[in-house]
Amino acid sequence: MTPERFERLNSVLNKRQPDLTVVLENVFDPHNISAVMRTCDAIGIQDIYVLNNKIPPHKKWGAKSSSSAAKWLTIHQFTDAAECFTELRKHYKKLYATHLSTDAVSLHELNLTEPVALIFGNEHSGVSEEIVAMTDGNFIIPQVGIIKSLNISVACAVTLYEAFRQKQNAGHYNTSRLETEQYKNLQDQWGFTED
């Protein structure tokens, strides 16, 4: 590994945000998942959760839309919602779903600087009522058009860049935030060796 490559990977690890994650519930299209992965990598998310309890688990992601982002992320796959949410509760203070409901708040009202998991549902029916019942609240992305929904990968990107803005303003990208053990594990996984 060249010194430049070493520095680049080290810089990326130093900007990872262990207190922010995305949960994808029964998203059908692997290209949508891959597009989400690309955005996660872009804003420094390391761990993402893929819950497939209504559809078969994915065997691979759409490589073209992810630009190989999957190899740089830690992907947790679940087929049981309760198990998935038990694991999420260990790491994140708040779990919010994108869900159009009377109690939904605007994305811009969320505090995305605290440990948060953001849940996105599938392309056809969104987040299921089962999952909504397990969350701490619902949010919507403000829109003024006729169609009141966005493609899942677009909705996720808009949401994550609001998190990026809040976290950047709070100084979350100024110092390394990964635990030492996770940092070292990722260095091993990513093949860190300085020539």
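The values are calculated or read from the model by the stated rules, or taken from the named source; none is laboratory data. Predicted model only: the values in this text are computed from it and were never measured. Cβ: placed from backbone, ideal geometry, glycine included. Neighbour counts: every protein chain shown. Side chains included, ligands, DNA and RNA excluded: accessible areas come from the protein's heavy atoms. Shrake-Rupley method; radii C 1.70, N 1.55, O 1.52, S 1.80 Å.
Determine the gain in length on full extension of the stretch Asn111-Lys71; use 0.36 nm per residue of separation and subtract their C-alpha separation, reporting nm with one decimal.
In short, 11.5 nm is gained.
Would you please give the FRET efficiency between Val12 and Glu130, computed as 1/(1 + (r/R0)^6) with r the Cβ-Cβ distance and R0 = 25 Å, to the nearest 0.05?
My answer for the efficiency is 0.10.
Counting only C-alpha contacts under 8 Å and six or more residues apart, can you give the relative contact order of the chain as a whole percent?
29
Under a plain spin-label model, where a point goes 7 Å from the Cα along Cα-to-Cβ, how far apart in nm are Asp29 and Leu150?
Simple spin-label model gives 1.5 nm for this pair.
Projecting each Cα onto the charge dipole of the chain (Lys/Arg +1, Asp/Glu -1 at the beta carbon, about the Cα centre), which of Ile140, Ser101, Gln187 comes out farthest on the positive side?
The residue sitting farthest along the positive end of the dipole is Gln187.
Report the extension gain between Gln189 and Thr86 in nm, rounded to one decimal, defined as 0.36 nm multiplied by the number of residues separating them, less their alpha carbon distance.
34.5 nm
Specify, per residue and in Å³, the volume enclosed by the convex hull of the alpha carbon atoms belonging to the stretch 1-44.
Each residue corresponds to 84 Å³ of Cα convex hull volume.
Relative to the longest principal Cα axis of the chain, at what angle does helix 3-14 sit, 0 to 90 degrees, rounded to 10?
40
Taking 0.36 nm per residue of sequence separation and subtracting the Cα-Cα distance, how much length would be gained by fully extending the chain between Met1 and Lys94, in nm to one decimal?
Result for the pair: 29.6 nm of gain on full extension.
For the pair Lys59/Asn169, report the inter-label distance in nm, with labels modelled 7 Å from Cα in the Cβ direction.
With each label point 7 Å from Cα toward Cβ, the separation is 4.6 nm.
With a point put 7 Å past each Cα toward its Cβ, work out how far Ser101 is from Glu123 in nm, to one decimal.
Those two pseudo-labels are separated by 2.6 nm.
With the convex hull built on the Cα atoms of the stretch 92-195, state its orientation-averaged projected area in nm².
Here the figure is 9.3 nm², rounded to one decimal.
So what's the chain giving for Rg/Rh, alpha carbon basis, Kirkwood Rh from the mean inverse pair distance?
Here Rg/Rh amounts to 0.96.
Round to the nearest 10 and give me the degree value, 0 to 90, for the angle of helix 30-43's Cα axis relative to the longest principal axis of the chain.
For helix 30-43, the angle is close to 60 degrees.
Round to a whole angstrom and tell me the spacing of the C-alpha centers of the stretch 1-63 and the stretch 66-108.
That distance is 12 Å.
For the ranges 141-150, 32-41, what's the packing order if you count other beta-carbon atoms within 10 Å of each residue, average per peptide, and put the highest first?
Ranked by mean Cβ neighbours within 10 Å, highest first: 32-41, 141-150.
With charges set only on the Cβ (+1 for Lys and Arg, -1 for Asp and Glu), what does the dipole of the chain come to about its Cα centre, in debye to the nearest 20?
Roughly 380 debye, rounded to the nearest 20.
Only Cα pairs within less than 10 Å get springs; with that Gaussian network setup on the chain, which residue of Ala155, Ala82, Ala117 has the largest fluctuation?
Residue with maximal mean-square fluctuation among Ala155, Ala82, Ala117: Ala82.
Which of Lys184, Lys15, Lys167 moves most in a GNM of the chain, Cα contacts under 10 Å?
Lys184
Report relative contact order for the stretch 1-95 in percent, whole number only (criteria: Cα-Cα under 8 Å, sequence separation at least 6).
Relative contact order for the stretch 1-95 comes out at 30 percent.
When the chain is treated as a GNM, springs tying every alpha-carbon pair under 10 Å, which of Gly171, Gly44, Gly126 comes out with the largest mean-square fluctuation?
Of the options given, Gly171 has the highest mean-square fluctuation.
Could you order Asp188, Asp136, Asp103 by accessible surface area, starting with the largest, using a probe radius of 1.4 Å?
The ordering from most to least exposed comes out as Asp188, Asp103, Asp136.
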